[in-house]
Every structure is written in C-alpha cells, then in structure tokens.
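Below is one structure, written out as structure tokens; the observations come after it.
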Amino acid sequence: MGSFNVGLTGLNAATADLNVTGSNIANAETIGFKKSRAEFADVFAQAYCYINRTATGSGVRLAATPQQFSQGSLQYTDNGLDMAINGQGFFVLNGGDGQVYSRSGEFQVNRDGYVVNSQGQYLQVYTPKTAGVSDTDFNVGQMTNLQIPTGDSPPVTTTSVNSEINLVTNATPPLDATGTALLPFDASDSATYNYSSSVTVYDSLGAPHSMTMYFVQDINTATTPASAQPLTWQVYTAMDGTQASGPTAMTFNVDGTINTPTTLDVTLTPTPPATSPFPNGGAIGTYDATTATYDNTVTIDFSGMTEYGTSYSVGDMSQDGYAAGQLTGVDVDDNGVVFTRYSNGRSIALGQVALANFKNPQGLQVLGDNSWGETYGSGAAVFDAPGAGELGTIQAGALEMSNVDLTEELVHLIQAQRYFQANSQTISTADQMTQTILNLK
C-alpha cells in the first residue's frame, strides 16, 4: 500500500503544480498580478530516535505557493488617473475592513469625486501642509481619501506685482519745446513718457484689470540746456487708464542696479459715494478678516529693475492673482503629487500618493481582487512618499502589467503534465505488482 500512497502524494503535488501554473496563465493579463511558484517538500517517516537507516520516503507535499514580486512591464494608457509603481512598494487603499495594499493602479472617480479602484476602495494620499496652492510640502504619515474637486477654482485677488525691467541708460527725456522742462505726464500721450509696460491684475470677483507702469527719464534742472540724468527716472502707475500713483522718483546705483524704491505700494481709492475702486463692485489687495474688507493696495516689487546698456527689455511682469477657472485635468508627477489644472492657468496640489512597503512581501495575505493584507509574517507596513528610501516612483498614465512570462508558464505546464504522468505510472506499476501477488497459487 505504501507505493500507492507515495504515488498519490505525487499526483496531488502535480495537480497543485498544474493549478498554480494554470492560475498564472489565467492572470497573464491581470493588472498588477504577481505570479506564484509551487514549492514542494519531501515526506519522510523518521524512526524512533532517528537511527533507522533503512526508512524510505513517504512521498511529497506542497510546502508553499509564494508569490514573486518582480517588476512587471508598464503599459501606457489614456487615463490620467492610471498609475504604476516603478520599483518597490504598494498602493494604500482604504476598504470597508481597513487598509489593504495593491500594485494595481486602475483608478477612477466615483460619484462623490473620490478616487477609487474597481472594488470601490479609496486611494490614500498624504495631506498638503498648505491647502489650495501648488507648491507645498505634505504631512507624510497623515493619510486621507483622495478627492477630486469638481467645482470651479475661485478667483484670487492681486496683492503684488513683480516688475523686472531694464531701462535704457542713454534715454532722452521727453522735454517741452524750450528743452528745459519735462512735458506734463499724460498716459494717453506717448510723447510724455519714455516707456510703458502693462500687466493684467484681478479683483476679488475675478474680473481682469489693466495695470500699467510708465517710466519717464528725469532731467537735471541745474544745467542749461537741460541734460539727462542717466540714473534718475520718474515712474507713474495707472489702473484701467486712470492714474493711480506718481510721480515717484526712481534712482539706480552706478552698477545699474536699483537703488530706490525697491517696492511701491499703489492704493486705489474709491470715489465717494462708491465703496469699490472698480465698477463691478470688486476690490483688490490684502483681505482683512476682521473688517471683511480689502485694503485696495497692490505692492509692486522693483528689486529686479536695472539700467543697463541701450536696450529696453521686460524680463518679467507677473502678479499673484487669478480669475475664476474651470477644471481642465488632473496630473500626477513622479513623486506621486496629484495636481488639478484649471483654465485660468492655476494648479492646486490635492495630495501625495502614499506607498507602503514590507520586510517580507511574500508573507502578505492574498485577499483577491489584486490586493494583499498585512500579516505577522510580512512585518508591519512602512509608509513613505514615492521615491523615498527603497520605494519606487509613480508613472502616471500607465499600468503595471502582470509579471507572468507566458512562454515560461507554457513550458512549465508541459513539465507538470509529465510529472503527473510519471506519478500515475507509479500507481499503475504498484497495481500490477499487487495483481501479480494475488494471482500466486
């Protein structure tokens, strides 16, 4: 009977091997799937005190079917929320029974705007330290469900303007007919100033307004005829064509860098009985939460102004306000930072994808649906940001395919079939020997 039992264990082992191989083949196209390997151990009956040198083996048993966590190939898609981990780590998902872990990055947005997988589990991200901006750090360790806002981006009123302009060293002042005095400044008459540059600013309602700076080369009234003062200018500002400030003296150092002023506060004063400087009722500048009002002041940064050479140029004319914007897309960078993009050019960081890693990934419990659960054998999950330590980076718009090599599995399938046939031959031979004994007379 021993030979029958030995052959039976071989058949069971071959069947398990075929099942593992068949499962690998069946999941060759499953996103994030990790192939398994059947591992066997011999069955050996030991004698008392382990001194029997004539004991024979009792067959084979299935010892384990560990999964192989090698990297799968990346396949690019048209879905911006699809993600692949290029390297070690697992996505962290919040399910109904707690956290689970997955390599499958097939994500979509549910009706409430949350990013979920096909099982409805929520993708976990680290929260931004400063909400509503694009440049921020994240609270690594504080995770939450990622939610994509569907509403418009609210307007942001302008508080500051950055002006980096190079004024010409040998500019000619706009003098009157006598050549002894500057022409009276008039924003509508280009003959009364040397240069002008404009930037669009936004009020509290998101309405755009044109803010223009006018530069006038100053003169030295101590000499006759008047000669140019190459290091002195006058600057005026106007909002929507109405003069807001000026003249303000602007002087440069002998090396061409700005001397004074490095900043200029331009205040728009409403005309009584109006309460707002703009016809639409919007305001501008810094908001005071105590009085629920804006100061209607814009600060111009002149620290980048220069007076070099003979060419007028604008290096930068930027401001910090935005009009209202509609959501145009969602992006994810290599570090897992999820951004929303809006039609006004603004981008807002919503969170950073959280990744987990384990000392022994093969000790994870297979939960099905492309997910794993933490066990004592896997060790506790270690959380961090993508790209940190041994964790991989995020490839957006791509999916990690199964790491199953179909050719290899088909060859193994043939080997498992031969193994099954050989073990069945053991049982067949034992049956023939038994039949021979029964036929003895």
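The table that follows gives values for the structure above.
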item: Hits in segment 302-349 - residues which are under 30 Å from Gly379 (Cα atoms) and in a strand (DSSP E or B); result: Val332, Val337, Val338
item: Index of the failed condition, Ser276 passing every other in (1) within 30 Å of Val109 (Cβ to Cβ); (2) among the polar types (S, T, N, Q); (3) open to solvent by less than 20 Å² (accessible area, probe 1.4 Å); result: (1)
item: Residue list for segment 290-315, restricted to those being more than 30 Å from Ala274 (Cβ to Cβ) and open to solvent by 50 Å² or more (accessible area, probe 1.4 Å); result: Ser303, Tyr308, Thr310, Ser311, Tyr312, Ser313, Val314, Gly315
item: Residues located in segment 137-155, provided they are more than 14 Å from Thr340 (Cα to Cα) and surrounded by fewer than 18 Cβ atoms within 10 Å (Cβ to Cβ); result: Asp137, Asn139, Val140, Gly141, Gln142, Thr144, Asn145
item: Checklist (1) under 14 Å from Val92 (Cβ atoms); (2) at pLDDT below 90 applied to Ala354, failing item; result: (2)
item: Any chance Asp97 is among the acidic types (Asp, Glu) and farther than 28 Å from Ser23 by Cα; result: no
item: Residue match in segment 187-209 (condition: assigned to a loop (DSSP other than H, G, I, E, B) and on the phi > 0 side of the Ramachandran plot); result: yes
item: Unique match (being at pLDDT below 85 and not polar (S, T, N, Q)) among Phe44, Phe107; result: Phe44
item: Scan of segment 331-363 for residues that are in contact (Cβ under 8 Å) with a residue 24 or more places away in the chain and basic (Lys, Arg), ordered by number; result: Arg346
item: Criterion violated by Ala207 - all others in (1) surrounded by fewer than 18 Cβ atoms within 10 Å (Cβ to Cβ); (2) within 40 Å of the chain's Cα centre (by Cα) satisfied; result: (1)
item: Selection within segment 288-301 - assigned to a loop (DSSP other than H, G, I, E, B) and over 18 Å from Gly206 (Cα atoms); result: Ala289, Thr290, Thr291
item: Complete set of residues in segment 277-287 that are more than 15 Å from Met211 (Cα to Cα), part of a loop (DSSP other than H, G, I, E, B) and touching a residue at least 12 places away in the same chain (Cβ under 8 Å); result: Asn280, Gly281, Gly282, Thr286
item: The listed residue being under 30 Å from Tyr294 (Cβ atoms) and out of contact with any Lys or Arg (no Cβ under 6 Å at 6 or more places or on another chain), out of Thr172, Thr178, Thr127, Thr77; result: Thr127
item: So Thr212, is it under 49 Å from the mean Cα position of the chain (by Cα), modelled with pLDDT of 90 or more and surrounded by fewer than 18 Cβ atoms within 10 Å (Cβ to Cβ); result: yes
item: Count of residues meeting criterion [farther than 16 Å from Phe302 by Cα and either at pLDDT 95 or above or surrounded by fewer than 13 Cβ atoms within 10 Å (Cβ to Cβ) (or both)] in segment 232-254; result: 3
item: Segment 147-167, residues that are outside any loop (DSSP other than H, G, I, E, B) and within 30 Å of Met250 (Cβ to Cβ); result: Val156, Ser160, Val161, Asn162, Ser163, Glu164, Ile165, Asn166
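Table: residues versus (1) under 25 Å from Thr157 (Cα atoms); (2) out of contact with any Leu (no Cβ under 7 Å at 6 or more places or on another chain).
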{"site": "Thr251", "(1), (2)": "no, no"}
{"site": "Thr257", "(1), (2)": "no, yes"}
{"site": "Asp295", "(1), (2)": "yes, yes"}
{"site": "Phe302", "(1), (2)": "yes, no"}
{"site": "Glu307", "(1), (2)": "no, no"}
{"site": "Ser313", "(1), (2)": "no, yes"}
{"site": "Ala323", "(1), (2)": "yes, yes"}
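The values are calculated or read from the model by the stated rules, or taken from the named source; none is laboratory data. All values derive from a computational prediction rather than experimental measurement. In this analysis, Cβ positions are derived from the backbone assuming ideal geometry, glycine residues included, and neighbour counts consider all displayed protein chains. With ligands, DNA and RNA removed, areas are computed over all heavy atoms of the protein, side chains included. Shrake-Rupley method; radii C 1.70, N 1.55, O 1.52, S 1.80 Å.
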